[in-house]
Ligand code: GAR
């Protein structure tokens, strides 16, 4: 099975990006991270991309664009020009415009540190902890026009412990993210899926 090119968009630490790069190097995930884009000049994700030798690494400053759509379409042009099949959001903390979502329909995925549809938004981990949930986790999903609402590709749960802080719970969730994201990408490339309404139905493995 040929490797497929992906673009990763990240605003922060980039540990999910690092996990995907590592899985790809180890032959566990048949993707080639060809583009990394960040909206933050100082995002550690950019350094991780540089260290890994990613071909196209870009910081695009939202302030240089008139509006969200213009910014997103500049990102989309870079991604398409590089021939990426998939766009992978890894801690990308900006809401995407409808124009961007439409352009990469069913080829745009995100990871969220909660068991969707619970605890959408910027602080899924803190919200789950404050709510008193006893089970938390992470979700990989297709991105649609609403926040954290697209069809679910994969989920993993972790327990919430009485001793948990936001940091300890997030660390436990992230350990799972680092396995779930590359594994879901692998299935997307090797297995493929179809949609039945909101349900993602994975093709039979050959
Ligand atoms: C991850 O835990 C991811 O699930 C979360 O940001 C973190 C990024 O970490 N994403 C969201 O909260 C999106 N709503 P990383 O930069 O180290 O990969």
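Which is more than 14 Å from the ligand (Cβ to nearest atom), in a strand (DSSP E or B), closer than 23 Å to residue 23 by Cβ and in contact (Cβ under 8 Å) with a residue 12 or more places away in the chain, of 200, 189, 156?
200
What are the residues in the stretch 117-142 that are under 22 Å from residue 182 (Cα atoms) and more than 10 Å from the ligand (Cβ to nearest atom), if any?
Within the stretch 117-142, 117, 136, 137, 141, 142 meet the criteria.
Condition test on residue 1, is it within 15 Å of the ligand (Cβ to nearest atom) and in contact (Cβ under 8 Å) with a residue 60 or more places away in the chain?
No; evaluated as a whole, the condition is false for this residue.
Look through 87, 101 and report the one residue that is under 17 Å from the mean Cα position of the chain (by Cα), crowded, with 23+ Cβ neighbours inside 10 Å and within 16 Å of the ligand (Cβ to nearest atom).
87
Out of 81, 40, which single residue is over 18 Å from the mean Cα position of the chain (by Cα) and either surrounded by 15 or more Cβ atoms within 10 Å (Cβ to Cβ) or closer than 26 Å to residue 144 by Cβ (or both)?
Going through 81, 40 in turn, just one is over 18 Å from the mean Cα position of the chain (by Cα) and either surrounded by 15 or more Cβ atoms within 10 Å (Cβ to Cβ) or closer than 26 Å to residue 144 by Cβ (or both): 81.
Would you check if residue 149 is more than 10 Å from the ligand (Cβ to nearest atom) and either in a helix (DSSP H, G or I) or within 16 Å of the chain's Cα centre (by Cα) (or both)?
Against the criterion (more than 10 Å from the ligand (Cβ to nearest atom) and either in a helix (DSSP H, G or I) or within 16 Å of the chain's Cα centre (by Cα) (or both)), residue 149 qualifies.
Answer yes or no as to whether residue 136 is closer than 22 Å to residue 172 by Cβ, crowded, with 17+ Cβ neighbours inside 10 Å and touching a residue at least 40 places away in the same chain (Cβ under 8 Å).
Criteria not met by residue 136.
Across the stretch 121-171, what is the total count of residues that are closer than 19 Å to residue 196 by Cβ and touching a helix residue (DSSP H, G or I) at 6+ places or on another chain (Cβ under 7 Å)? Walk me through it before giving the result.
Step one: filter the stretch 121-171 for residues closer than 19 Å to residue 196 by Cβ, giving 139-144, 149-155.
Going one step further and asking which of them are touching a helix residue (DSSP H, G or I) at 6+ places or on another chain (Cβ under 7 Å), we end up with 140, 143-144, 153-154.
Counting residues in the stretch 121-171 that are closer than 19 Å to residue 196 by Cβ and touching a helix residue (DSSP H, G or I) at 6+ places or on another chain (Cβ under 7 Å) gives 5.
Looking only at the stretch 16-31, filter to residues that are part of a helix (DSSP H, G or I) and closer than 19 Å to residue 82 by Cα; which one of those is nearest to the ligand (Cβ to nearest atom)?
Among those that are part of a helix (DSSP H, G or I) and closer than 19 Å to residue 82 by Cα, it is 17.
List the number of the failed condition for residue 122; all other conditions in (1) under 24 Å from residue 94 (Cα atoms); (2) surrounded by fewer than 13 Cβ atoms within 10 Å (Cβ to Cβ); (3) touching a strand residue (DSSP E or B) at 6+ places or on another chain (Cβ under 6 Å) hold.
(3)
Determine, yes or no, whether residue 48 is within 20 Å of residue 5 (Cβ to Cβ), within 16 Å of the ligand (Cβ to nearest atom) and without any contact (Cβ under 8 Å) to a residue 24 or more places away in the chain.
No; evaluated as a whole, the condition is false for this residue.
Just checking, which of 195, 169, 180, 161 is surrounded by fewer than 17 Cβ atoms within 10 Å (Cβ to Cβ) and either touching a residue at least 40 places away in the same chain (Cβ under 8 Å) or under 20 Å from residue 86 (Cβ atoms) (or both)?
195
Computed from the coordinates by the stated procedures, all read-outs in this text should not be read as laboratory data. What you see is a predicted model, and the numbers here were worked out from it, not measured in a lab. Cβ sites come from the backbone with ideal geometry, for glycine too, and all protein chains shown count toward neighbours.
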